[in-house]
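The values are calculated or read from the model by the stated rules, or taken from the named source; none is laboratory data. Remember, predicted model here, so these are calculated numbers, not experimental data. Here the Cβ positions follow ideal geometry from the backbone for every residue, glycine too, while neighbour counts run over all protein chains shown. To get the accessible areas, we keep the full protein, side chains included, count just its heavy atoms, and leave off ligands, DNA and RNA. Shrake-Rupley method; radii C 1.70, N 1.55, O 1.52, S 1.80 Å.
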Amino acid sequence: MTERIFNFSAGPAVLPVPVLEEAQRDLLSLPGVGMSVMEISHRSKTFDEIIGRAESGLRELLSIPDNYRILFLQGGASLQFSMIPINFLPKDGSADYVLTGSWGKKALKEAKKAGNVNIAATMADGGFTRVPGNDEISLNPGAAYVHITTNETIEGVQWKHEPDTGSVPLIADASSDILSHAIPVDKYALIYAGAQKNMGPSGVTLVIIRDDLLPRIPDGLHTMLDYRTHVENNSLYNTPNTWGIYIISLVTKWIKDKGGIAGMGRENDEKAQLIYDAIDATDFYRGHADADCRSTMNVTFRLPSEELEKKFTSEATAQGLDGLKGHRSVGGIRASIYNAFPRAGVEALVSFMKEFERKNG
Ligand SMILES: *Cc1c(COP(=O)(O)O)cnc(C)c1O
């Protein structure tokens with residue numbers, strides 16, 4: 001077998017080896033079917049069972065209540081930036097956006113094209129190092145919805161509790177921390193996530209939407225942009241990403257086998273803590289996010305100079321620690337350690353950090 005390296009990429013990201021192995025084993029012919037999952041009709045009984053397993057797997061792992069629909073769409077989380085305001089921001093209304101990083105800014109940009117938006121809070125001034133406290137968010141009680149990004153993938157800033165939005169529907173982009181820890185789904189009206197960080201391959205986007213939102217959608221929207229189309233057709237109005245949905249079904253089974261979301265959350269906390277401890281142990285490394293908002297999925301930090309950061313990533317790559325370069329917009333180092341990222345890789349990074357400091361500090 002070809003050796004696998006430690007893949008710290010922010011996305012598309014590492015997938016569980018048992019999932020890749022099962023997909024490989026059944027690639028040419030699904031057991032009892034005689035065809036590849038990529039060759040079967042999305043309207044076949046076999047695919048019906050696959051999408052059913054993906055849905056029930058997610059429902060069970062996240063304890064998604066019955067009054068929420070689960071959709072598998074295309075266009076990435078980026079299309080959700082537009083679909084949400086197109087469906088839920090009325091012409092005479094306004095929506096609240098809370099900005100804790102780069103992805104929230106992109107969501108805001110699209111909402112502005114659809115209607116009135118209010119920036120309820122922005123952490124841009126501090127360089128997006130934390131989430132706001134409830135007293136720092138100026139919510140409009142008449143807002144159509146409040147939008148947050150549960151984990152800002154680029155800055156490594158994560159909400160640890162939902163903001164209190166009263167009766168205003170809370171909508172969240174959870175692309176980079178969905179399935180990483182337990183969340184109270186009933187506090188959200190809509191949760192969306194591109195699959196390629198923590199759930200599967202790119203090209204499929206999960207949307208979890210509460211029933212009572214659907215009557216708010218105006219008539220006359222383009223069919224594909226109207227959430228009701230996808231609810232009414234069980235995500236099969238057009239041909240979905242059948243391969244992506246299949247992989248999601250395997251990933252949910254893998255998480256269940258590992259002890260569910262609670263077990264996953266514990267493992268993620270421990271993995272992240274190992275790196276944050278290494279950062280805090282010295283002045284050589286400086287964490288980007290404030291301690292109480294640190295992401296368990298994307299660990300961001302700086303070295304004393306950009307020169308050293310370059311040296312760090314290139315020497316790490318040479319040792320099989322790949323994808324550690326921070327996003328081009330913020331620089332520094334980013335270690336993305338999603339569910340499938342092995343603890344051994346985290347330990348390897350921590351030893352590399354200590355050794356690198358000893359030689360260059
Ligand atoms: C990666 C990411 C996106 C963009 O996802 P696409 O599927 O590429 O559109 C949006 N939001 C967050 C938080 C992300 O991490």
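A few comments on the model shown:
- Taken over the stretch 128-168, the residue count meeting the criterion of being open to solvent by less than 20 Å² (accessible area, probe 1.4 Å) and among the acidic types (Asp, Glu) is 2.
- When the stretch 28-45 is filtered for residues that are touching a helix residue (DSSP H, G or I) at 6+ places or on another chain (Cβ under 8 Å) and more than 15 Å from Ser235 (Cβ to Cβ), the ones remaining, listed by number, are Leu30, Val33, Val37, Met38, Ile40.
- Boolean, Tyr237 is open to solvent by 60 Å² or more (accessible area, probe 1.4 Å) and either touching a Ser or Thr at 6+ places or on another chain (Cβ under 8 Å) or assigned to a helix (DSSP H, G or I) (or both): yes
- Selection of the stretch 40-80 for residues being small (Gly, Ala, Ser) and crowded, with 17+ Cβ neighbours inside 10 Å yields Ala54, Gly57, Gly76, Ala77.
- The set of residues in the stretch 65-103 that are within 17 Å of the chain's Cα centre (by Cα) and away from the ligand (no atom under 16 Å from the Cβ) contains only Ile70.
- Qualifying residue in the stretch 41-57 (condition: touching a residue at least 40 places away in the same chain (Cβ under 8 Å), within 16 Å of the ligand (Cβ to nearest atom) and under 21 Å from Met199 (Cα atoms)): no
- Odd one out for Gly220 among (1) of a type in the set (Gly, Ala, Ser); (2) without any contact (Cβ under 8 Å) to a residue 40 or more places away in the chain; (3) closer than 15 Å to Ile178 by Cα: (3)
- Members of the stretch 172-203 that are in contact with a Pro (Cβ under 7 Å, 6 or more places away or on another chain), in a loop (DSSP other than H, G, I, E, B) and within 25 Å of Gly259 (Cβ to Cβ): Ala195, Gln196, Pro201
- Residue check, Val117 away from the ligand (no atom under 16 Å from the Cβ) and open to solvent by less than 50 Å² (accessible area, probe 1.4 Å): yes
To keep it simple, each residue is scored yes or no on (1) closer than 22 Å to Tyr68 by Cβ; (2) within 15 Å of the ligand (Cβ to nearest atom); (3) at pLDDT 95 or above.
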{"position": "Phe128", "(1), (2), (3)": "no, yes, yes"}
{"position": "Ala143", "(1), (2), (3)": "yes, no, yes"}
{"position": "Thr149", "(1), (2), (3)": "yes, yes, yes"}
{"position": "Glu155", "(1), (2), (3)": "no, yes, yes"}
{"position": "Asp186", "(1), (2), (3)": "yes, no, yes"}
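- Selected residue (criterion: nearest to the ligand (Cβ to nearest atom)) from residues of the stretch 9-39 that are exposed (fewer than 15 other Cβ atoms within 10 Å of the Cβ) and not in a loop (DSSP other than H, G, I, E, B): Met38
- Criterion: open to solvent by 60 Å² or more (accessible area, probe 1.4 Å) and either outside the structural domain of Ala77 (by TED's automatic domain parsing) or acidic (Asp, Glu) (or both) - qualifying residue of Asp125, Asp96, Asp173: Asp125
- Gly104 vs. criteria open to solvent by less than 20 Å² (accessible area, probe 1.4 Å), of a type outside the set (Ser, Thr, Tyr) and in contact (Cβ under 8 Å) with a residue 60 or more places away in the chain: yes
- Candidates Ile275, Ile248, Ile279, filtered to the one that is under 18 Å from the mean Cα position of the chain (by Cα) and at pLDDT 95 or above: Ile248
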